[in-house]
């Protein structure tokens with residue numbers, strides 16, 4: 001142990017390490033060979049620590065306790081150590097995986113060394129890690145976030161309860177070349193206990209939000225009449241009764257919503273976050289940070305896949321795992337990233353690029369490019385993928401948008417129909433959908449007698465692309481979702497009213513019955529006056545027996 005007088009003082013960063021599965025290694029190698037392995041392991045760690053101006057405070061068996069004056073030096077030492085450990089030739093080629101945890105604080109020094117709760121926090125952070133993983137506390141992250149080495153980033157894993165620590169701690173994983181990337185959730189107290197604490201916090205926020213008129217349900221039951229809705233929330237509709245039954249205040253403008261998985265997922269593009277909502281309690285379960293500006297998402301089971309420029313994030317119970325796919329396209333046209341799947345495979349597209357991933361483990365199975373749009377300048381072709389009814393579909397193009405089928409084996413695209421109202425330069429939910437044996441597109445035509453625009457819900461034959469129906473609608477559709485139990489749902493603006501100061505637009509959700517070809521319900525999303533900028537209805541999804549609508553700020 002280093003003498004107390006020689007230990008760094010003031011604000012310091014602690015590093016705790018230990019070998020994962022050391023007992024099994026001892027049984028496998030025997031006492032003498034394990035002792036040699038342990039000496040090599042300790043030498044690797046000591047070299048990395050001293051090479052980054054750190055001090056080894058204590059060693060106990062396979063565990064080391066180290067300290068640094070700089071959080072950046074501590075992170076650099078941990079990365080260097082993990083890289084060397086992963087490439088070192090160990091006896092019998094056995095893997096030696098070391099857990100590492102960092103926490104910063106201002107401890108006191110005594111005759112026995114450092115004294116204070118900060119030392120215990122650091123030890124618990126280290127114990128929460130898996131072999132090969134480096135975890136940081138929030139305080140360590142705050143000190144190092146502006147001084148990370150090139151190519152190094154931190155992944156927000158969320159808040160966890162650690163043994164003997166009263167309050168939950170937010171943990172971050174170091175992401176760098178040469179380090180393992182995918183791990184189970186941190187080794188902490190059961191998540192159920194943590195979730196109860198999180199829900200209690202959200203409940204307090206909901207009560208505060210009620211002062212401004214928001215109505216937030218604490219159960220899935222529907223009230224007797226329609227519930228007034230608030231902006232910056234997820235509106236919840238009963239699809240059969242066609243009325244609002246509540247909303248989930250978020251405190252930000254949601255840019256997309258998906259309700260296919262076990263939870264309802266909401267994207268916040270400006271903040272680079274994804275928020276999960278419990279569909280039964282209508283409460284926010286968790287919010288996680290993302291690795292890019294989220295363009296779209298696909299949920300299956302307990303996993304949400306979020307696409308952004310150049311890659312996709314996989315979110316599950318273990319945290320967030322970034323999967324880089326290609327260099328983000330550069331050019332005058334911004335092609336947004338789209339993600340879809342069938343539960344077994346994940347497909348991601350951006351521009352002409354397509355990647356196929358294994359949904360079980362996130363491995364990239366294939367990368368390819370689809371053909372460019374005829375007569376379009378280089379870089380002016382964008383594809384947006386959507387899988388439905390056993391078919392991989394896409395919308396393509398900017399100058400002449402089309403909808404068609406994708407054949408990955410031949411890397412080809414076959415357009416079925418063309419429509420100038422198909423939106424490619426947008427993120428979140430699309431203004432087209434597939435279901436009830438048809439494709440559905442929001443469109444508008446001009447009445448030749450009055451010269452006014454007529455808003456339509458256009459139904460296309462999926463084989464020929466022929467228009468089989470045009471349903472006159474009170475709204476100009478911006479988003480669609482298909483609910484097999486109730487029909488086709490869309491959101492949009494129903495009309496305008498003028499005052500001396502501003503223009504008021506009326507956001508509505510509309511339900512169409514595919515059997516009769518009629519609009520069977522129109523649900524107001526805001527009350528007059530509202531929405532001078534029309535910033536409402538940023539996404540719609542169907543699932544869990546409800547319709548979920550992302551409402552922006554008026």
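What follows is calculated from the coordinates using simple rules that are stated; it is not laboratory data. Source: prediction; values computed, not measured. FYI the Cβ positions are ideal-geometry reconstructions off the backbone, even for glycines, and counts take in every protein chain you see.
Side notes on the structure shown:
- Sorting 403, 467, 323 from the fewest to the most surrounding beta carbons within 10 angstrom yields 467, 323, 403.
- As a calculated quantity, the FRET efficiency between residue 516 and residue 409 at R0 = 41 Å, using C-beta atoms, amounts to about 0.55.
- If R0 is taken as 56 Å, the Cβ-Cβ distance between residue 47 and residue 461 corresponds to a FRET efficiency of 0.25.
- Building the convex hull from the alpha-carbon atoms of the stretch 256-427 and averaging its projection over directions returns 10.0 nm².
- Label separation (residue 361 vs residue 452): 6.1 nm, computed from points 7 Å beyond Cα along the C-beta direction.
- Principal axis dimensions, the stretch 4-189 - Cα atoms, whole angstrom, descending: 42, 38, 34
- Length-normalised contact order for the stretch 256-427 - Cα pairs under 8 Å, 6+ apart - percent: 13
- Euclidean distance of C-alpha centroids, the stretch 299-327 and the stretch 386-400, integer Å: 21
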